[in-house]
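Taken together, the values in this text are just the output of simple stated rules run on the coordinates, not laboratory data. Keep in mind that this is a model prediction, so the values were computed, not measured. For neighbour counting, all protein chains shown are included, and Cβ atoms are generated from backbone atoms with ideal geometry for every residue, glycine included.
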Amino acid sequence: MGSTATLQYNGSLRTTLTHTRSGTQVETDAPVDNHGKGERFSPTDMLSASLAACMVTIMGIAADTHGIRFDDVQADIVKHMVSDPRRVSKIEVHLRIKGSFSDKDKTILERAGMTCPVFLSLHPDLEKEISFSWEG
């Protein structure tokens, strides 16, 4: 089995990640509070953003499966760090979903989002605060 991605260290606490299949690249930088310039996503920013992206992707799959229109979604993501050891202690994902949805549609989509692989892969001690705002 081949690699999912490759990483190149660029010096100055920056990396370039390359997605093997597509060649798409993402650069990272250490955050300002940890010796970096904060000019790119930090690895912990990517962890937090990955949760939201995964949730919305799985919700989109569920919407397609159930014939639900799901095309205007935004999320605010808040990462909380603690020290000793330095780690992400909490991720907030505040989803804003625009459109007309029945209560059944909302239940289907919310349940789908909460079963995304990133959500299920994160350690149980990492607090996840998820909110859904249905704007129609």
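Helix 103-113 and the longest principal axis of the Cα set of the chain meet at an angle near 20°. Each Lys and Arg contributes +1 and each Asp and Glu -1, all at the Cβ; summed about the Cα centre of region 19-88, the dipole is approximately 200 debye. Which residues does a label at Arg87 reach in region 107-130, if reach means a backbone N under 18 Å from a point 7 Å past the Cα toward the Cβ? Under cut-off, by backbone N: 118-129. Taking a spot 7 Å from the Cα of Val26 along the direction of its beta carbon, which residues of region 100-128 have an amide N less than 20 Å from it? Within reach of a label on Val26: 113-123, 126-128. Given +1 at the Cβ of Lys and Arg, -1 at the Cβ of Asp and Glu and no other charges, the dipole of the chain around its Cα centre is 240 debye to the nearest 20. Counted over region 43-135, the DSSP beta bridges are approximately 55% antiparallel. Name the residue from Leu95, Gly2, Leu109 whose Cα lies farthest towards the positive end of the charge dipole of the chain, charges +1 on Cβ of Lys and Arg and -1 on Cβ of Asp and Glu. The listed residue farthest towards the positive side: Gly2.
For Phe41, the residues whose modelled amide H falls within less than 5 Å of its own, excluding neighbours fewer than 5 places apart on the same chain, are Asp29.
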